Structure formats: C-alpha cells, structure tokens
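Here's the structure, in structure tokens; my notes come after.
What follows is calculated from the coordinates using simple rules that are stated; it is not laboratory data. As the structure is a prediction and not an experimental result, all values here were calculated from the model. Backbone-built Cβ (ideal geometry, glycine too); neighbour counts: all protein chains shown.
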C-alpha cells in the first residue's frame with residue numbers, strides 16, 4: 001500500500017515538472033538509454049546540490065518507467081527542525097506521500113539503518129539515495145556514506161549513477177528568468193563487484209569502513225559523468 005500515493009502523485013506532477021524544467025531551465029537528459037537494458041529495479045545514486053534533486057530525478061524518468069514511483073531516502077523529521085517553514089513538510093507526511101522514507105543514523109548497522117529501503121527493494125521498487133548523505137555545493141569535498149554500497153552488495157541490484165548539473169543554489173528569480181540550464185546525465189550501471197576491492201571479508205570498524213570506501217568509488221563515477 002505504501003507505493004500507491006507516491007505512484008499517483010509522481011505521475012500527476014510528472015507533466016508539469018517536465019514542462020517547467022524544459023521551458024525555464026532548458027532541461028537536457030543524457031544517457032537515459034542506460035536504463036533500458038535493466039530488467040530489475042535499481043538503486044539510483046546521484047550527487048545532491050539542490051532541494052529540487054528528488055523532483056528533478058523523478059521528472060527525468062520516462063512517464064511509464066518501471067522505476068516510477070521512485071522511493072527516496074530521507075533523514076528523521078527532527079533533522080529538519082531548524083529549517084524554518086520547511087520543517088512543516090520536510091521529513092513528515094508530505095515526504096512519505098512523495099515516496100521518501102527515513103534512514104536511521106548512528107546505529108552502526110546498515111541493515112537496521114536501511115531497513116525501510118531494504119523492504120522497498122524487496123518489494124520490487126527502485127530506491128534513490130544520495131551517497132553524500134546531504135547536499136554538497138560545487139567545489140566542496142565530502143566523504144561518502146556507506147549506504148549505497150551496502151544496498152548494492154546486500155541486494156545485488158545495479159546502481160544507476162546520475163549527475164545533475166545546474167541546479168545547485170538555483171533561485172526563484174534565476175528559474176523564471178531562464179538563467180539556468182539543467183542537465184541530467186544517466187551513467188552506465190555499476191555493480192557491487194565494480195566498487196569493492198575485495199569480495200570478502202568486509203571490514204567495518206572505527207579505523208576502516210569498506211562500505212564507505214566503495215561508496216567513494218560511486219561518487220567518483222558520478223563526478224566522471226561531467
């Protein structure tokens with residue numbers, strides 16, 4: 001039942017999203033054919049520079065894509081409590097209606113932290129996750145979180161890397177004056193075997209975390225799509 005509302009909502013606003021992004025941001029989508037050969041659900045991994053990124057990604061998938069509705073990974077509601085009026089909708093019911101489900105931080109156990117995402121994947125749906133774990137501005141360097149590589153290894157699903165260009169720090173004025181061009185690039189699928197240096201054993205302790213190292217590789221591959 002959890003997929004019904006996101007499925008309806010994402011398809012209702014798909015057309016206006018496409019129109020708005022095309023008219024005001026000259027939206028260009030590259031590499032979408034890389035999704036065509038994938039018969040299973042996937043793990044979408046994208047850079048994250050804008051609050052619009054989840055909307056942009058969903059709007060760039062084909063209307064009848066098997067990957068819609070797309071389910072996103074969000075933080076707990078308390079994480080957004082200092083975001084002014086946005087705290088009303090961020091992390092709450094509206095997020096869930098859009099398809100965002102919480103990941104639990106600080107558990108030091110990926111299976112428990114990503115239990116919502118694992119359930120969604122087991123239901124045959126596609127999950128989107130930002131390897132950075134938060135928005136990262138252009139030129140900023142950050143170490144990846146291990147969630148995306150854990151999901152890839154635990155489920156053996158392919159990762160679809162996506163690079164979003166031009167959306168970072170976009171203002172309402174820039175949007176309506178058509179001052180920005182947004183380009184979304186879909187890369188070739190990445191598999192767990194491509195990002196883990198050693199298949200066994202996986203080491204995760206205070207000094208070394210193989211999941212984070214593998215997720216760094218994913219972030220590098222996303223950046224290389226430029």
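Of note:
- On full extension, the segment bounded by residue 169 and residue 200 gains 7.0 nm, given 0.36 nm per residue less the C-alpha separation.
- Bins of 10 Å from zero: percent of alpha-carbon pairs in the stretch 159-216: 18, 30, 21, 19, 11, 1
- Over all pairs of different C-alpha atoms in the stretch 1-125, the reciprocal of the mean inverse distance, the Kirkwood hydrodynamic radius, equals 15.8 Å.
- Between residue 63 and residue 4, the distance separating the two model label sites (each 7 Å from Cα on the Cα→Cβ line) works out to 2.4 nm.
- Computed from label points 7 Å out along Cα-Cβ, the spacing between residue 142 and residue 79 is 1.0 nm.
- Subtracting the Cα-Cα distance of residue 156 and residue 33 from 0.36 nm times their residue separation leaves 42.2 nm of extension gain.
- Packing, taken as the mean count of other beta carbons within 10 Å per residue, orders the peptides 7-15, 179-187 from highest to lowest as 179-187, 7-15.
- Considering the stretch 4-223 at the alpha-carbon level, its Rg and Dmax are found to be 16.9, 53 Å.
- Radius of gyration, Dmax [the stretch 126-204; alpha carbons; angstrom]: 16.1, 53
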